[in-house]
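The structure appears right after this line, and notes come after that.
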Amino acid sequence: MRNKVTVKKRIDVVDVIVFLFLTIFAVLIVYPFYTAFATSLMSRQEMINTRIITVPKQLCWDNYAYMLSTPVIWTGYQSTLIITAIGLVYGMS
């Protein structure tokens, strides 16, 4: 028969400090991405009037329609694909 080892995990002060540090660090990393995405879904007037970016009051997809209708974005994607393909071929050789 196997001996069962009972391990009691207690929460130390160091565990709490590490948890708080990692949580704050995660928020600092994620928040800029969230605000960029939330801002992209706001109208220009709502973006100007909002001090702290939380949730858009009304979703505005016009920004994405405008972005996809301009040829500059497709030129950027084309350049990215060409550079990636050249780097891939160069890296594989």
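Of the residues Gly91, Gly76, only one is assigned to a helix (DSSP H, G or I), small (Gly, Ala, Ser) and within 25 Å of Phe33 (Cβ to Cβ); which?
On the way: Gly91 fails: within 25 Å of Phe33 (Cβ to Cβ).
Result of the check over Gly91, Gly76: Gly76.
When you go through (1) open to solvent by 70 Å² or more (accessible area, probe 1.4 Å); (2) at pLDDT 90 or above; (3) not in a helix (DSSP H, G or I); (4) not charged (D, E, K, R) one by one for Leu81, which number turns out not to apply?
So Leu81 meets the others, but not (3).
So for the range 7-24 (the condition being among the β-branched types (Val, Ile, Thr), under 17 Å from the mean Cα position of the chain (by Cα) and either open to solvent by 100 Å² or more (accessible area, probe 1.4 Å) or at pLDDT 90 or above (or both)), does at least one residue qualify? Lay out the reasoning, then the answer.
Of the range 7-24, the ones among the β-branched types (Val, Ile, Thr) are 7, 11, 13-14, 16-18, 23-24.
Pick out the ones that are also under 17 Å from the mean Cα position of the chain (by Cα) and you get 23-24.
Imposing the further condition that a residue be either open to solvent by 100 Å² or more (accessible area, probe 1.4 Å) or at pLDDT 90 or above (or both) reduces the set to 23-24.
Within the range 7-24 (the criterion being among the β-branched types (Val, Ile, Thr), under 17 Å from the mean Cα position of the chain (by Cα) and either open to solvent by 100 Å² or more (accessible area, probe 1.4 Å) or at pLDDT 90 or above (or both)), the answer is yes, since at least one residue qualifies.
Within the range 22-30, does at least one residue satisfy the condition of being among the small types (Gly, Ala, Ser) and farther than 28 Å from Leu68 by Cα?
Within the range 22-30, the first condition is being among the small types (Gly, Ala, Ser), and the residues that meet it are 26.
Now restrict to residues that are farther than 28 Å from Leu68 by Cα: 26.
Within the range 22-30, one or more residues are among the small types (Gly, Ala, Ser) and farther than 28 Å from Leu68 by Cα.
Does Ile48 count as open to solvent by less than 100 Å² (accessible area, probe 1.4 Å) and modelled with pLDDT under 90? Step through it out loud before you land on a result.
Values: open to solvent by less than 100 Å² (accessible area, probe 1.4 Å): no; modelled with pLDDT under 90: yes.
No: the conditions fail for Ile48.
Check the range 53-69 and report whether any residue there is aromatic (Phe, Trp, Tyr), loosely packed, with under 10 Cβ neighbours inside 10 Å and either in a loop (DSSP other than H, G, I, E, B) or on the phi < 0 side of the Ramachandran plot (or both).
Residues of the range 53-69 aromatic (Phe, Trp, Tyr): 61, 64, 66.
Filter again for loosely packed, with under 10 Cβ neighbours inside 10 Å, leaving 61.
Those still in the list that are either in a loop (DSSP other than H, G, I, E, B) or on the phi < 0 side of the Ramachandran plot (or both) too: 61.
The answer is yes; a qualifying residue exists.
The values are calculated or read from the model by the stated rules, or taken from the named source; none is laboratory data. Computed from a prediction, not measured in an experiment: that's the story for all the values here. When we count neighbours, we look across all protein chains shown, and the Cβ atoms used for this are built from the backbone with ideal geometry, even at glycine. SASA here: full protein model, heavy atoms, side chains in, ligands and nucleic acids out. Shrake-Rupley method; radii C 1.70, N 1.55, O 1.52, S 1.80 Å.
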